[in-house]
Amino acid sequence: MNTLLKSVTIVNGSTKNLHLKKRDILIKNGVIEAIETSIEPTGKIKVIDITNLHVSIGWFDSGVSFGEPGYEERETIENGLLTAAKSGFTDIILNTCSHPTPDSSSDIVYLKNAAKDQLTSLYPLGNLTVKGDGEALAELYDMKNAGALGFYDYKHPISNANLFKIALQYAQNFEGLVFSFPMDKSISGKGIVNEGIISTKLGLKGIPALAEELQIARDLFILEYTGGKLFIPTISTANSVKLIAEAKKKGLEVYCSVAAHNLSITDDELQEFDTQFKVMPPLRTSLDIKALKKGVENGTIDLVTSDHTPLNIELKHVEFDNADYGSIGLESAFGLVNELLGTEETIALLTKGRSIFGIETPKLEVGEIANLTLFTPDEAYEFSENHIYSSSKNSIALGKNMKGKVIGTIANNQLVVNQ
């Protein structure tokens, strides 16, 4: 694959003297061969010359779900990775959201083999417990050796505090990363949306912020006792940010993420009982969003994730109480966050975090393997089904104002261009 990028603005290049500079970039056989003020095309080469084209190292998403194996009608691994590539992501962490869920080394090998030879690289997680039922630890060490980058019972909290303690202690023997979904089920009960003015007005059972914060507080106390590495995915409340900030000040090795929709959309959207807005954790208030945004800006929150969760249409087109939680998010993540935070901060967020999982961070330098995302940062538009590449169409972002579009990606000696 030989490609010439003409007059592209480099954002957050590892070579800082190129940051926000316009350059031509020549890529041959998947390697960056030259970065110059001007390069003339020679031989058989694809030239990409688009007004206001920007480039950064490839984006990274720490929380993506597909369907395969078991729910291929929602999303296959192949189309899911193509969707990720078209959305700007060259590396993704795959959640344990399949049937069966991966809780053995052979499951991890299957997932890695299914993702071979794709532009976007897939890094699987394995279950923390057998079948994700929270009763007994899965084969953590074997899965780690097979390529699992962490252990997570997807969206299921570990209610057994002693089991969680043992998991953190055991995983330290091989630098394992333990995930814990922040939700105390004894507090959340049968709640389905954020507990507050909106839930009371609509007559919907609420999930208090306390349910998330109590679980986080418990997990952090145990982490302080055991040591180890803990990842708390998709936090959503102001006090969660405060608790994690305090833990980091103590020197605990704790990381966390926030979903792009929790960072930008409030529970005010529930007024029409639209099931697209039924997500987990639930949409919270404007005060929570303010705190989450501050947590992102000061580094308390390590990562912004799409929390991409494809679902069959029949799981969403039902009464609100009966609808499943989740929204696709790969296609809309950049537009939502860029609209909220601006280009430089957005790209910094979307390109950070690989080191948490032991993934090598790409470099935008001559001689390095090309792992790049191409985008235009300023185009304003309304997100619609025309912008969806996923097999499933359950998007929380439909009708939302976006800023910036992904043009394509380059990685693994492959190129995907959206236009």
* Structure fact -> Across 5 Å bins beginning at 0, the whole-percent shares of Cα-Cα pair distances in the stretch 349-395 come to 4, 13, 14, 17, 16, 17, 15, 4, 0
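Tally Lys/Arg at +1 and Asp/Glu at -1 over every other residue whose Cβ is under 14 Å from the Cβ of Gly227; what's the total?
Working: positive: Lys165, Lys229, Lys250; negative: Glu175, Asp219, Glu224, Glu253.
Around Gly227, the surrounding residues sum to -1.
Find out how many positive minus negative residues lie around Glu212, taking Lys and Arg as positive, Asp and Glu as negative, among other residues whose Cβ is under 15 Å from that of Glu212. Write out the running numbers ahead of the final one.
Values: positive: Lys155, Lys185, Arg218, Lys242, Arg284; negative: Asp184, Glu195, Glu213, Asp219, Asp267, Asp288, Asp307.
Around Glu212, the charge tally is -2.
When the accessible area of the stretch 155-298 is computed with all protein chains present and a 1.4 Å probe, what percentage of it is carbon and sulfur? Spell out each step's value before the answer.
Details: 3230 of 6090 Å².
Result for the stretch 155-298: 53 percent of the exposed heavy-atom area is carbon or sulfur.
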* Can you tell me the dipole magnitude for the stretch 285-350 around its Cα centre, using point charges on the Cβ only (Lys, Arg +1; Asp, Glu -1), in Debye to the nearest 20? => 200
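Run lengths n ≥ 4 of DSSP H only: what is the helix-derived mean residue ellipticity at 222 nm for the chain, with -39500 (n - 2.57) per run over all residues, to the nearest 500? Let's see the in-between values first.
On the way: 11 runs with 111 residues, N = 419.
Rounded to the nearest 500, the figure is -8000 deg cm²/dmol.
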* Structure fact -> In degrees rounded to 10, the 0-90 angle between helix 161-171 Cα long axis and the longest Cα principal axis of the chain is 40
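Let's see if you can work this out: charge +1 on each Lys and Arg Cβ, -1 on each Asp and Glu Cβ, no other charges. What is the dipole magnitude of the stretch 63-154 about its Cα centre, in debye to the nearest 20? Present the calculation step by step, with values, prior to reporting the outcome.
Values: 6 positive and 14 negative charges, 60 e Å.
In total the dipole reaches around 280 debye.
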* Asked: Got a sec? What order do Asp378, Asp324 fall in by accessible area at 1.4 Å, biggest, i.e. largest, first?
  -> Asp378, Asp324
* **Net charge contributed by nearby residues that have their C-beta within less than 14 Å of Asp184 (K/R +1, D/E -1)** => 0
* **For Tyr154, solvent-accessible area (1.4 Å; no DNA, RNA or ligand), Å²** => 30
* Structure fact -> If one compares the long axis through the Cα atoms of helix 330-341 with the longest principal axis of the Cα atoms of the chain, the angle in degrees, nearest 10, works out at 90
* Spatially proximal lysines relative to Lys112 (Cα-Cα < 21 Å; intrachain offsets below 8 disregarded) -> Lys86, Lys131, Lys144
* Asked: What residue among Thr42, Tyr71, His54 has its Cα farthest toward the positive end of the dipole of the stretch 1-111, where the charges are +1 on Lys, Arg and -1 on Asp, Glu, each on the Cβ?
  -> Thr42
* Structure fact -> Normalised per residue, the volume inside the convex hull of the alpha-carbon atoms of the stretch 178-227 in Å³ amounts to 64
* Structure fact -> So the angle from the long Cα axis of helix 238-249 to the longest Cα principal axis of the chain, reported in degrees to the nearest 10, equals 80
* Relative contact order (percent) for the chain, with alpha-carbon contacts under 8 angstrom and 6 or more residues of separation? -> 19
* Asked: Given 4 °C and 1.567 mPa s, how large is the Stokes-Einstein diffusion coefficient of the stretch 205-293 in µm²/s, with Rh as the Kirkwood radius over Cα pairs?
  -> 94
* **Accessible surface ranking that places the most exposed of Cys256, Cys97 first, with a 1.4 angstrom probe** => Cys97, Cys256
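Can you list the trypsin sites (Lys or Arg not before Pro) in the stretch 33-113 that are in a DSSP coil and have 11 or fewer other beta carbons within 10 angstrom?
Numbers: sites: Lys44, Lys46, Arg74, Lys86, Lys112; in loops: Lys44, Arg74.
Answer in residue order: Lys44.
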* Looking at this model, which pairs from Lys6/Lys294; Lys155/Lys393; Lys242/Lys352; Lys22/Lys248 are more than 27 angstrom apart at the alpha-carbon? -> Lys6/Lys294; Lys22/Lys248
* Scaled radius of gyration (Cα, divided by 2.2 N^0.38 Å) that the stretch 223-352 gives -> 1.11
* Over all distinct Cα pairs, what is the inverse of the mean 1/r for the chain, reported as the Kirkwood hydrodynamic radius in Å? -> 21.7
* Kindly work out what percent of the DSSP beta bridges joining two residues of the chain are antiparallel, to the nearest 5. => 50
* To do: Could you pull the accessible area for Tyr141 with a 1.4 Å probe, rounded to 10 Å²?
  => 110
* Asked: Can you give the accessible area of Leu204, probe radius 1.4 Å, in Å² rounded to 10?
  -> 20
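The values are calculated or read from the model by the stated rules, or taken from the named source; none is laboratory data. Note that the structure is a prediction, hence the values are computed from the model and not measured. Here the Cβ is made from the backbone with ideal geometry for all residues, glycine too, and neighbour counts use every protein chain on show. These accessible areas exclude ligands, DNA and RNA; they are computed on the full protein's heavy atoms, side chains included. Shrake-Rupley method; radii C 1.70, N 1.55, O 1.52, S 1.80 Å.
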